[in-house]
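Notes follow once the structure below has been shown.
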Amino acid sequence: MAVDVKANLDLVKERIAQAAAKSGRDPQEVRIVAVTKNVPLDVVRQAIEAGVRIVGENRVQEAMTKFPYLDSCVERHFIGHLQRNKVRAVVQAVNLIHSLDSLRLAEEINKWGERLGRPVEVLIQVNVSGEASKYGVSPDALEAFTEKVAQLAYIRVRGLMTIAPEFKNAEDARPVFRKLSQLALEIGKRNLPGVEVQFLSMGMTNDYWVAVEEGANLVRIGRALFGERGR
Ligand SMILES: *Cc1c(COP(=O)(O)O)cnc(C)c1O
């Protein structure tokens with residue numbers, strides 16, 4: 001069955017607008033990252049026709065089969081756990097990495113940024129919920145971690161990202177999002193070199209409206225746009 005991506009996108013935008021209004025924010029500042037894992041290239045192109053301007057992939061191999069074939073007006077984001085041996089390919093192909101989760105990865109990204117001759121833009125992934133299954137820096141370690149990353153000349157930290165646990169009730173994710181907003185504020189106040197906390201990447205199909213109410217300006221949406229695709 002064909003999925004009407006345009007209709008789905010309009011619904012998601014509507015819900016973002018409502019959430020933004022509820023919290024007194026401008027809906028225009030919330031950008032949708034269309035998560036295209038398991039979505040074939042022609043459907044990704046339909047989404048772009050429908051108005052998607054940021055595409056996100058969580059696996060390197062899949063990203064490499066699509067990113068080079070997208071219109072240049074589209075931003076490419078990498079949102080999944082990144083292995084160090086794949087950094088080289090990713091830094092060349094993407095505009096933003098959402099998932100910096102270790103110092104060793106930061107050093108590898110820095111190395112390839114230096115070879116490219118430009119800083120690589122990243123978000124630091126924070127494991128706010130503390131689930132063992134999730135990657136990310138713990139909230140307690142975030143400040144020291146960010147200070148170390150700030151010393152790497154070819155990485156630019158642009159904000160924070162988190163993945164909330166899968167709750168039945170989206171409301172239950174609110175404290176996770178609120179905590180990430182607080183952490184972003186605290187890190188921003190430090191005025192570290194190469195750290196400019198502008199993006200809060202939080203909220204997915206199950207909970208994005210709650211994330212927007214708590215300050216998200218990048219929401220990563222897969223199923224609400226493309227239907228269930230098997231993960
Ligand atoms: C798959 C994925 C998403 C999107 O999930 P949906 O529930 O389909 O909206 C967001 N972020 C990451 C890191 C993902 O892997």
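In which sequence would Tyr69, Tyr135, Tyr208 go, from the one with the fewest C-beta neighbours within 10 Å to the one with the most?
So the residues, fewest neighbours to most, are Tyr69, Tyr135, Tyr208.
Using the membrane-span-like helix rule (whole DSSP H runs, Cα extent along the own axis of at least 15 Å, mean Kyte-Doolittle hydropathy at least -0.5), which helices of the chain qualify?
5-22, 174-189
Treating cross-link reach as a plain straight distance, find the lysines whose alpha-carbon is under 29 Å from the alpha-carbon of Lys179, omitting any fewer than eight places away in the same chain.
Lys13, Lys22, Lys37, Lys134, Lys148, Lys168, Lys189
Once each part is reduced to its C-alpha centroid, what is the distance from the stretch 7-45 to the stretch 179-197 in angstrom?
Between the Cα centres of the stretch 7-45 and the stretch 179-197 lies a distance of 25 Å.
Starting with the fewest neighbours, write out Val157, Val43, Val5 ranked by other beta-carbon atoms found within 10 Å of each beta-carbon. Write down the numbers at each step before the final one.
Values: Val157 26, Val43 18, Val5 23.
Listed from fewest to most nearby Cβ atoms, that is Val43, Val5, Val157.
What trypsin sites (Lys or Arg not before Pro) does the stretch 117-207 have in DSSP loop regions with at most 16 other beta carbons within 10 Å?
Qualifying residues, ordered by number: Lys168, Arg190.
For Met202, Met161, what's the fewest-to-most ordering of other Cβ within 10 Å of each Cβ?
Going from least to most buried by this count: Met161, Met202.
With unit charges on the beta carbons (Lys and Arg positive, Asp and Glu negative) and the dipole taken about the Cα centre of the chain, which residue among Thr65, Leu96, Val176 sits farthest to the positive side?
Result: Thr65.
Relative contact order (percent) for the stretch 32-131, with alpha-carbon contacts under 8 angstrom and 6 or more residues of separation? All intermediate terms of the calculation are to be shown ahead of the outcome.
Values: 138 pairs, mean separation 21.0, N = 100.
Contact order relative to length: 21 percent.
Relative contact order (percent) for the stretch 116-165, with alpha-carbon contacts under 8 angstrom and 6 or more residues of separation?
51 percent
Express in nm, to one decimal, how much length is gained between Arg84 and Leu11 on full extension, taking 0.36 nm for each residue of separation and deducting their alpha carbon distance.
On the way: separation 73, 0.36 × 73 = 26.28 nm, distance 3.74 nm.
Once the chain is fully extended between Arg84 and Leu11, it gains 22.5 nm.
Would you calculate a helix-derived [θ] at 222 nm for the chain, using -39,500 (n - 2.57) for each DSSP H run of n ≥ 4 and dividing by the full residue count, to the nearest 500?
Counting only the DSSP helices, I get -11500 deg cm²/dmol.
With the contact rule set at Cα under 8 Å and sequence spacing of 6 or more, what percent relative contact order holds for the chain?
On the way: 438 pairs, mean separation 48.9, N = 231.
Normalised by residue count, the contact order of the chain is 21 percent.
Every number here is computed from the coordinates shown, using simple stated rules; none is lab data. Model, not experiment: these values are computed from the prediction. All Cβ positions, glycine included, derive from the backbone under ideal geometry; neighbour counts span all protein chains shown.
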